[in-house]
Amino acid sequence: MNNLLRLEAGVARIVADDPWELVRDPQAPLPVGAAILPLSRWLENPSQNGVWLGPDDEVESLQPWFAQLPLIALDFPSFRDGRGYSQAYLLRTRLGWGGELRAIGDVLRDQLSHMRQCGFDSFAVREDKSAEDALKGLAGMSVLYGRSVIEPRPLFRRRVGASLLAMDVNENANILDKRVACNAIASKLAPTNAVSTDLPCVKTNPLNMRW
C-alpha cells in the first residue's frame, strides 16, 4: 500500500516497501502477493492473507483465527465515522489482538493521534494527502484526559498516583531530617549510660535525668 505510516518501537516512519495490497471488491481476483481481503471473502477460506473489516462487521468473529492472522485492517468510510475507534479498542483490550492493526480508508492527519491511542500501529493515509505531513499528526496531544490502549489510567488516576508518591517522598525526607537532627544533638552530649536516639525525639533522655 502507498502512503503508509507505521509505528516501530514507538517511533513513526513512512513505509516505502509495504508488501500488502488492499482488495476492495469481494469478487476481484486475488493478487499474486500478500492481500488484505474483505471479511466475507476471507472467511470463505481463512488463510495467511490479511483481512479488513467495515464499521458494521463484528470484530469478535476473527478471534478464533488470531493465531494465524498476520494483519487486521479497519476501514474508515468517512473521517466522520468513529466506529473504527471502538473496534480497535475492543480488539486490543477485550479480545487481546497483538498483531498489526491498520487504519484504511478516509485516514487523515488529524485522526492519527486518536487512532494511535485506540491501538492502531499502522496508518494508510489517504493517497491525495502528504505522508510527510501526516507524520506530524502522530505527535498528537501530550496529555489525555480519558483512558486509552496506551495509557489505561484516566488523568485523575494518574494525578492521584503522582500526588501520593510525592507525599510519600516528602514524609520519608521529613523523618530522615528528624533522625539526623536527633543523632546530631545526642552526639554532642555526654550521656552516662547508653542512650537510644531512635525517633521520636521526645522520648530520648541523653542526660539520664528523671522527668
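Quick one: which residues, 5 or more positions from Asp106 or on another chain, have an amide H under 5 Å from its amide H? H modelled 1.01 Å from N in the peptide plane, none for Pro or chain starts.
Under 5 Å from the amide H of Asp106 lie the amide H atoms of Phe76, Ser78, each far enough along the sequence or on another chain.
Please report the antiparallel percentage of DSSP beta bridges with both residues in segment 1-145, rounded to the nearest 5.
If we restrict to bridges inside segment 1-145, about 35 percent are antiparallel.
Grab the other residues whose beta carbon is less than 11 angstrom from that of Asp57, score K and R as +1, D and E as -1, and report the net.
-3
For a quick check: with amide H placed at 1.01 Å from N, whose amide H comes under 5 Å from Ala35's, ignoring anything fewer than 5 positions away on the same chain?
Glu21, Gly50
Rounded, prolate or oblate: which fits segment 1-105 when a ≥ b ≥ c are the square roots of the eigenvalues of the alpha-carbon gyration tensor, with rounded for a/c under 1.5 and prolate only if a/b beats b/c?
rounded
Where nothing but the Cβ of Lys and Arg (+1) and of Asp and Glu (-1) is charged, how large is the charge dipole of segment 4-78 around its Cα centre, in debye to the nearest 20? Could the numbers behind the result be given before it?
Values: 4 positive and 11 negative charges, 43 e Å.
My answer is approximately 200 debye.
May I ask you to evaluate 6.51 cos²θ - 1.76 cosθ + 1.60, the Karplus curve with θ = phi - 60°, for each residue of segment 72-80 and list the ³J(HN,Hα) values in order in whole Hz, giving x for glycine and proline?
3J(HN,Hα) across segment 72-80, in whole Hz: 10, 10, 10, 8, 10, x, 8, 5, 7.
Any read-out appearing in this document is the output of simple, stated calculations on the displayed coordinates, not a laboratory observation. No experiment lies behind these values; they were computed from the predicted model shown. Cβ coordinates were reconstructed from backbone atoms using ideal geometry, including for glycine residues, and neighbour counts include every protein chain displayed.
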